[in-house]
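Q: Below is a structure I'd like to ask you about.
The values are calculated or read from the model by the stated rules, or taken from the named source; none is laboratory data. Keep in mind it's a predicted model, so treat the numbers as computed, not measured. Cβ: placed from backbone, ideal geometry, glycine included. Neighbour counts: every protein chain shown. For accessibility, only protein heavy atoms count, side chains too; no ligands or nucleic acids. Shrake-Rupley method; radii C 1.70, N 1.55, O 1.52, S 1.80 Å.
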Amino acid sequence: MSTINLKITGMTCEHCVRAATKALEGVPGVDKAEVTLTPGSAVVHGAADPQQLIAAVKEEGYDAEVQG
């Protein structure tokens, strides 16, 4: 199992956090996603494709990028 760190921008409330978490956990290969509002990040555990993770977050209306 690997860990992918994402920077997520555009979230403003806990509803946003729940929406992003649900979107990430819906991507094949994700075992668990931990999203935080401040500083706007996610730690994703599993074997998911980073580009699919970014696409799932963008579908919810937020921007995302992989962090080192």
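Q: Run the quick spin-label model on Thr9 and Asp31: label points 7 Å from Cα toward the beta carbon, then report their separation in nm to one decimal.
A: Distance between the two pseudo-spin positions: 3.2 nm.
Q: Now for a separate question. Ordering Leu37, Leu6 from largest to smallest accessible area (1.4 angstrom probe), what's the sequence? List each step's numbers first, then the result.
A: Working: Leu37 55, Leu6 5 Å².
Largest accessible area first, the residues go Leu37, Leu6.
Q: Which whole-number value in Å² is the accessible area per residue of the chain, probe 1.4 Å? List each step's numbers first, then the result.
A: On the way: 3950 Å² over 68 residues.
So the chain comes to 58 Å² accessible per residue, rounded to a whole number.
Q: Cα gyration tensor of the chain, axes a ≥ b ≥ c as square roots of the eigenvalues: rounded (a/c below 1.5), prolate (a/b > b/c) or oblate? The partial results should precede the final answer.
A: Working: a/c = 1.57, a/b = 1.47, b/c = 1.07.
Because a/c hits 1.5 or more and a/b exceeds b/c, the chain counts as prolate.
Q: Separate question: Can you tell me the length gained on complete extension of the stretch Ala47 to Asp63, counting 0.36 nm per residue apart and subtracting the Cα distance? Please list the in-between numbers first.
A: Numbers: separation 16, 0.36 × 16 = 5.76 nm, distance 2.09 nm.
Gain in length upon complete extension: 3.7 nm.
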